Structure formats: structure tokens, C-alpha cells
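Here, each number is a calculation from the coordinates, and none is a lab measurement. Computed from a prediction, not measured in an experiment: that's the story for all the values here. Positions of Cβ are generated from backbone atoms using ideal geometry, with glycine treated the same way; all protein chains shown enter the neighbour counts.
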Amino acid sequence: MKNVSLIWFLMAFIAVGFACGESEEERMAREQARLDSLRIAEQAALEARMQAVEDSLAAVEAARLAEEAAKTAYTFDANGSYTVQLGAWRSEVKANQIAAEWTNADYDAVYVVRTGNEETGDVWFRVRIGYFPTMQDAENFGAEFGAEVGSSYWVSNRD
């Protein structure tokens, strides 16, 4: 009887062990689910990093565009205190010719200023554009104009 009880006990133990343990298919399904979960988490982390990079690049581009817009923003003002000098020539004819060319190129308020000492012959004819309300407006225009025509410029007070 002892042997029979022991055999029944062993058979019950084996039956419970097989019945309670997971099958190979269940173990493989559980492992696949774990791998899928890891893959989804890695993909989400990668997408978050990519979005952060895109956001950073967009912020840099927006800052660059804002800076460029600030550089090219200017306002002409007939009562402004600043002007942009585009060049100076000894010849009044040459200065007037240059001023006429820039006026014909749709630049308003181009004018020539005579300066210097007549007695010593140190006379210059300065070609200027504008009147701008602020020095920054004049600088912005000068930078844009200089880049457009390949010329240097400088900002001066209105004469």
C-alpha cells in the first residue's frame, strides 16, 4: 500500500508539474511578446530622439530667418537722421552719373553732396541714398544694397 500511495503521489506530482508548467508554445509566445514590447519601446525612443533633432533644426532655422529678416528690415523716412553713403568721387559728373544709375534702378532719394575745400582743390562728391529714421535701418539697407551691387557703404548723419 505504501508503494501504491507513493506511485499515486509521484503520478499526481508529475501530472501537476506538467499541467501547471507552460508549454513550449506558451514560452515562445511569452518571449515573442517580450521582444515585441522591447522593439516598440526602442522605436518610440528613437522617434522621440528624431523629433527632438527635427525640433532643434527647426528652431535654428527659425532663428536664422528671424536674424536675416532683422538684417534686411529697413524703413525710408523723409525726415530721418541717417543716410547711406555709397561712394565718393572727385568728379561731379561721375558722381551724378552714378546717382542717376541708382535712381534709374528704382532707388529713391539718391542725391549728391559736395564737400571739401574749394581753395585747396580737395573737393569730393558723395553719393548717398536715403533718409532713415534709425542707424540700424540705414545699416540694414547698406548691407542689403552692398551685397546686391557688390559695393561698400557707410552710414552717416544727414547733412
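Key figures for this structure:
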{"quantity": "Calculated from backbone phi, Karplus (6.51, -1.76, 1.60) coupling profile of the stretch 87-103 in Hz, x at Gly/Pro", "calculated": "x, 9, 10, 6, 8, 5, 4, 4, 4, 5, 5, 4, 4, 5, 4, 6, 5"}
{"quantity": "Degrees, to the nearest 10: 24-72 long Cα axis against longest axis of the chain", "calculated": "10"}
{"quantity": "Charge dipole (the stretch 39-97, unit charges on Cβ, about Cα centre) - positive-most of 53, 97, 84", "calculated": "97"}
{"quantity": "GNM flexibility winner over the chain from 116, 130, 142 (Cα, springs under 10 Å)", "calculated": "116"}
{"quantity": "Size of electric dipole in the stretch 82-157: Cβ of Lys, Arg +1 and of Asp, Glu -1, about Cα centre, debye, nearest 20", "calculated": "180"}
{"quantity": "Proximal charge balance of residue 95 [Cβ under 13 Å; K/R count +1, D/E count -1]", "calculated": "+3"}
{"quantity": "Potential lengthening between residue 41 and residue 109 on full extension [0.36 nm per residue; Cα-Cα distance subtracted]", "calculated": "18.0 nm"}
{"quantity": "Dipole magnitude of the chain, debye to nearest 20 (Cβ charges: Lys/Arg +1, Asp/Glu -1, about Cα centre)", "calculated": "520"}
{"quantity": "Interchain or long-range residues, amide H under 5 Å from residue 87's placed H", "calculated": "127"}
{"quantity": "Sum of -39500 (n - 2.57) over DSSP H runs of 4+, divided by residues of the chain (222 nm, nearest 500)", "calculated": "-21500 deg cm²/dmol"}
{"quantity": "Lys/Arg +1, Asp/Glu -1 at C-beta; the chain dipole; positive extreme among 43, 157, 109", "calculated": "43"}
{"quantity": "Computed FRET value (nearest 0.05) for residue 56 with residue 152, which takes r as the C-beta separation and R₀ as 41 Å", "calculated": "0.65"}
{"quantity": "Hydrodynamic radius by Kirkwood, which averages 1/r over all alpha carbon pairs of the stretch 82-157, in angstrom", "calculated": "12.6"}
{"quantity": "Rounded to 10°, Cα long-axis angle of helix 135-149 versus longest principal axis of the chain", "calculated": "90"}
{"quantity": "Long-range amide H partners of residue 77 with built H, under 5 Å", "calculated": "131, 132"}
{"quantity": "Estimated dipole of the stretch 20-71 in Debye, rounded to 20 [Cβ of Lys and Arg +1, of Asp and Glu -1, Cα centre]", "calculated": "220"}
{"quantity": "Degrees between helix 2-20 axis and first principal axis of the chain (Cα, 0 to 90, nearest 10)", "calculated": "20"}
